[in-house]
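Worksheet for the structure shown next.
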Amino acid sequence: DNPVHKHFNDAAHEFDLQQVDHPDYRYIMFYAGYTNARSGEWPGGDRGFLLYSDNLVDWREDECNPVFGPETIDNWDAVHVRPRSLNRINDTWYLWYEGCNAWTPPVPNGQLQWCDTVGLARSKDLRSWDYYPRNPALPALGLSSECFEHTWTGWPRMVVKDGMGYLFYTGNAQVGLRTIPIALLSNWDDEGGELLRML
């Protein structure tokens, strides 16, 4: 009976799937689906949609879909946001996502171009979101053309183990890894405006 869920305009792609064992459902799927422009709200682009299931076959949509949108209306993630990696830490969900817009990446003599860039947001309920104050959280380094991530970053996926977050990501079609202690990842209030210390 595939597809097990059909986005309203057939344009759905990146996703994360979690077993949550909630009293009302056992699984959630958070995916990117193309959404047409809404006058006065946003231009057309990918947004985050939330689904629920008890058996991984039958899915129902969150009544507030799309539940995740861009942080900005004219900057790095203004056109597309694509949920990629969802992690629950204590009572908070952390979402690594791709943002995209026509913007100038931080490279010498940068030119306006379309660049995927990785951002971070968090939520208690997967509907109301706080965005990392210094997004994009994992930008292209823009050091030189020899650096594999000099133009764009994307496809983030974080694995949490022994108090560390291992963030795998792609840059210019190659895979990189950065790490961060979870205590630092979750402590936005005391950060003092500094960038996340991704090693």
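Looking for whichever is part of a strand (DSSP E or B), open to solvent by 60 Å² or more (accessible area, probe 1.4 Å) and at pLDDT 80 or above here; the options are Trp155, Trp114, Trp93. Which one fits?
Trp155
Identify all residues within the stretch 126-152 that are of a type in the set (Asp, Glu) and either farther than 23 Å from Asp16 by Cα or modelled with pLDDT under 90 (or both); write none if there are none.
Scanning the stretch 126-152 gives Glu146, Glu149.
Checking Asn109 against (1) assigned to a loop (DSSP other than H, G, I, E, B); (2) modelled with pLDDT of 95 or more: exactly one of these is not met. Which one?
(2)
Restricting to the stretch 46-78, what's the tally of residues that are open to solvent by less than 10 Å² (accessible area, probe 1.4 Å) and either farther than 21 Å from Asp125 by Cα or touching a helix residue (DSSP H, G or I) at 6+ places or on another chain (Cβ under 6 Å) (or both)?
Total satisfying the criteria: 3.
The values are calculated or read from the model by the stated rules, or taken from the named source; none is laboratory data. Quick caveat: nothing in here was measured; it's all calculated off a predicted structure. Backbone-built Cβ (ideal geometry, glycine too); neighbour counts: all protein chains shown. Only protein heavy atoms, including side chains, enter the accessible area calculation; ligands, DNA and RNA are left aside. Shrake-Rupley method; radii C 1.70, N 1.55, O 1.52, S 1.80 Å.
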